[in-house]
Structures are given as C-alpha cells and as structure tokens.
1. Report the trypsin sites (Lys or Arg not before Pro) located in the range 291-320 that are in a DSSP loop and have at most 14 other Cβ atoms inside 10 Å of their Cβ, or state none.
2. Is the C-alpha gyration tensor of the range 161-271 telling us rounded, prolate or oblate? Criteria: a/c under 1.5 is rounded; beyond that, a/b larger than b/c is prolate, otherwise oblate.
3. Mind checking the full-extension length gain between residue 184 and residue 224? Use 0.36 nm per residue of separation minus the Cα-Cα distance, one decimal, nm.
4. I want the local charge near residue 111. Using Cβ-Cβ distances under 11 Å, sum +1 for each Lys or Arg and -1 for each Asp or Glu among the other residues.
5. Within 10 Å of each candidate Cβ there may be at most 11 other Cβ atoms; applying that plus a DSSP loop requirement, which GluC sites (Glu not before Pro) in the range 1-98 survive?
6. Rounded to the nearest 0.05, what FRET efficiency do residue 240 and residue 2 give with R0 = 41 Å and r taken as the Cβ-Cβ distance? Could you check?
7. Set the Förster radius R0 to 41 Å, insert the Cβ-Cβ distance between residue 363 and residue 316 as r into 1/(1 + (r/R0)^6), and round the FRET efficiency to 0.05.
8. Just to be sure I understand the model, the point goes 7 Å from the Cα along the line to the Cβ. What's the resulting residue 100 to residue 196 distance in nm?
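The values are calculated or read from the model by the stated rules, or taken from the named source; none is laboratory data. Please read all numbers here as calculations on a predicted model, not as lab measurements. Glycine also receives a Cβ, built like all others from the backbone with ideal geometry; neighbour counts cover every protein chain displayed. Surface accessibility is based on the protein's heavy atoms, side chains included, excluding ligands, DNA and RNA. Shrake-Rupley method; radii C 1.70, N 1.55, O 1.52, S 1.80 Å.
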Amino acid sequence: MTSLYVREIPREEHLAHLRLSPDVSHLQIPEWGGVKPDWLPESIGWFEGETMVAAALVLYRPLPGTRRFLAYLPDGPAIDWRTPRLERWLDPLVAHLERIGAFSVRIGPPLVVRHWDAATVAEGIAAPDVRHLHDLPAADIDGFALDAAERLRRLGWRPCKEDDGSGFGLGQPRYGCRIPLAGRSVDDLRGALAPHWEQSLRTAETAGVRVSWGSASDLPEFYRLYTATAAHDGFKARPLDYFRRMWQALNAEDDDRLRLYLAQYDGEVLSAALMINVGSRAWHSYAASGRRGRQLRPSSALLWRMLCDARAAGAETYDLRSITPALTEDRLLGRLRFKTGTGGRAVEYLGEWELPVGSQGKVLQRALGVYLGRR
C-alpha cells in the first residue's frame, strides 16, 4: 500500500475537491476559515503519489508569547475512519502540523457512535427514573466508531475533557439531533411530528405567522432576537460583526451556502435562525426568539419551513446541532424536547480527541488552557 503524505493546498484546490466530494461538515470547508478571526486557517490535502485523496481545513490558534500553535480540525478530518490502519492517515497529518509548529492537535472524527429514536427519547423524558440518554436503549450502535476510538487510544490520542456532563464542552457538542430527510415526503415529515409539536405548528399556521428568507440587511433584526435569547438562556452572545463576517465568508463561493430565515407576525419579526448548506446536509444554527409573541409558536413555523426547504433542495439530513444528554428537569430539557419532537434522532458522536506534539506538548497544552480560561 502506497504511503500517504500531507501538504498545504491552495484554497482553489480545496474547493475543487469539495465539488467532487461535497459531504463534509460546514466546519471543514475553506470558507469557514474566514469566520474565525482568532484562528489562522490552512487547507491541507492527503496525497497518494500525485493524487489527492482527501482534504481538510486546519485552524491554528497561536499561544501568546510563542511561535507554537494549537492545530484544530473541527468535525474532521473527513478520512477513511473505518480503516484498521488509522495511523496511515493520522501520522502524516501530525508530521505536517508539527513542521508548522503545532504543540497539540485536536480533531473531531465525524462519527456517530449511537442514536436514539424520537419516541424512545420522549419516553425517557417522561420517566422519572431515567436521567441520561445512556439509560435508554439505543436504536443503533456503530461498532466501527467504537473500534476507531480504541485505535485512537492505541495511537496515543485521548478524548478531550468537557466542561460538565451536559455534552457542551469547549469544542463541538458531543450530542446532537438529526432529522433524516432522504426518501421522505412532506407528509412523512409532518406525520412524524410529536403531538405537542403538531399542535404548536397548527397554532402558528392558524394565527398567520409567516416565514420568509432574509438578507444581509436583516442581520441586525436577527441579532436583536439572538441577544435576547442569550440573555434568557445565560450564554455569552457573539458580536454582530461575527454574523456579518459569517454571511460574507460562507456566501463568497456559493450565495446559497448560508440562509437567514425570519418568522413574522403582523410585520414584527418574532423568531429567526440561520441555515448552512453543504453537500447533502443542512445545519440549523443560532435559533433566536424574543419574549413577544411566544404564544403564537413562531419557532415551530420557522423550523418547519426550514425543514421543508432543505428537503426540497435535496438535503438528506437536517442537523439541529447540540442537545443535552441529561433527561432531568433543567433549562436545556425544553430544547431537547423541541428538537426531538420533530421526529429527529438523538445522536452521540465520537467526540473530540487531542494529541500533544513534541517534548513540550503537554506543558503548552496546559498553558493554552490557562490562557483561554482567563479570556
């Protein structure tokens, strides 16, 4: 078997590769590098001889006062994770990143370990003695993903620590919700809605809530709702410039990569969200709503329109992003109930893994952790 090597590739070469192999995370497209101002982006390719067989986006985070970097591949890389020889892919990756000056490498294998059907999750939420998704029978467990975890451990990689038991760590979420769209009609999707979700949608439709696409000029209106959501849910809001940069970066190559949806009633925007489209997958991002008009259920009308639009555009999966795996009464449980009420599956990913590089790797990992903790 021919050895692989990794080198930097031009942005245009990365984009050309994605046109042939488009099914990667939105966090692994070259455009995403323009969204993150604190990170230095690099497109890389794996080569077998002169033929590129895989590509990825690496984000470098400099450690202040040094010429060393944390190298991060969110939701990636998109390589052959089912091979018994992961080192064939990962060793040349680490060698390239070490040449660049990385003291640590963090990856997010795009693998689902297990998933739970919506009905099972609903039963778990209703059962007082069920406290975690792992207390419920999984609809499927992927043995290949479990094998990949064991191979990573043998190669020296370790799972990244999370902030708490909620699954919302410093990197990408460990648990999410996905709605399968492939081969399903609108009637199929509507029939899979939970009774409480169907009632909410009917309420919005009867009231006359209207959902439409927005433009860059509507981002301040979206941001008004987003900051209200942040204050209500207790998280730190990103600045408006972040979303303006996201709009410009993601729509630079494809003007339909990022969409803004607005739910309105009587001329007032009550709810909004972003949809990111890459390959056969659509991501529901930064859902936002204010306190006014909640009884009209605008968020249900908004998500339903986005779901139908994604299906019509050919998406095979609608990704609702993060959920909590804890089935206890807290502020995140309502989000879990709302997302899985669409008929979506709760999924557990393999999670993020890290590898210290060089003799100072572990020391510099701790130093970066202290620095980020003070920001």
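1. Loop-located and lightly packed - 291, 292.
2. Rounded is the answer for the range 161-271, as its axis ratio a/c remains below 1.5.
3. 10.9 nm
4. Net charge around residue 111: -2.
5. 50
6. Computed FRET efficiency for residue 240 and residue 2 comes out at 0.25.
7. The pair residue 363/residue 316 has a calculated efficiency of 0.40.
8. In this crude label model, residue 100 to residue 196 measures out at 4.4 nm.
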